[in-house]
Amino acid sequence: MSQPAFKQRQQDRGKHLKDYWPLLALIFISAVAALAVSYSTEVTLLNWMHYFMGIFLTIFALLKLFHPSAFADGFQMYDLLARKSRAYAYAYPWLELALGLGYLSFFMPQLVYALTILILGFGAIGVILALRKGLDINCPCMGSILDVPLSTVTLTEDIGMVLMALIMWTMLF
């Protein structure tokens, strides 16, 4: 008995750098925009990371908010909490936006770091489980606008953000 198309890995999908161009472009633009903003204030690693995370998360939230139901459909396919609660799937872009604005404003940084670690760390677990099952879907992390496969790149993005939040937390002490 064959599996539904969305559960089958396409032959070369996710094996070429061009498959990740939208994500790489977003990372690059977030990085240079963060450098530009931090240059106008005080260029420190902490400031740059705040601006990078803020810009990155707000753009990601925006992409999800263009088609909230499409995002929720995809997110529920792999996120452990979204599977149990569609309300969480709809709330997730707003949580991401709040985190992004928290980074940009330097508002309650310890809380923002802790929530980032919790939300994105928990999300990484769902990505790991989906990858182990061989689920081949477009990553809802880019909303339904951009076609990027759910892959180890998605996992690296989640873990990278968790690590940045941990680094920023340690820089406070």
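If you go through region 76-133 and keep only what is aromatic (Phe, Trp, Tyr) and either farther than 18 Å from VAL162 by Cβ or not in a helix (DSSP H, G or I) (or both), you end up with TYR78, TYR88, TYR90, TRP94, PHE106, PHE107.
Restricting to region 83-108, count the residues that are hydrophobic (A, V, I, L, M, F, W, C) and either in contact (Cβ under 8 Å) with a residue 24 or more places away in the chain or in contact with a strand residue (DSSP E or B) (Cβ under 7 Å, 6 or more places away or on another chain) (or both). Going through region 83-108 one residue at a time, the tally reaches 7. Applying the set (1) under 20 Å from ALA72 (Cβ atoms); (2) open to solvent by less than 10 Å² (accessible area, probe 1.4 Å) to TYR113 leaves exactly one unmet item: (1). A count restricted to region 103-147 and to residues that are of a type in the set (D, E, K, R) and either closer than 25 Å to HIS67 by Cα or at pLDDT 95 or above (or both) stands at 2.
Residues in region 105-129 that are closer than 17 Å to GLY54 by Cα and in contact with a Leu (Cβ under 9 Å, 6 or more places away or on another chain): PHE107, PRO109, GLN110, VAL112, TYR113, LEU115, THR116, ILE117, ILE119, LEU120.
The values are calculated or read from the model by the stated rules, or taken from the named source; none is laboratory data. Quick caveat: nothing in here was measured; it's all calculated off a predicted structure. Quick reminder, even Gly has a Cβ in these numbers, built from the backbone with ideal geometry, and neighbours come from all protein chains shown. Note: areas computed on protein heavy atoms with side chains; ligands, DNA, RNA excluded. Shrake-Rupley method; radii C 1.70, N 1.55, O 1.52, S 1.80 Å.
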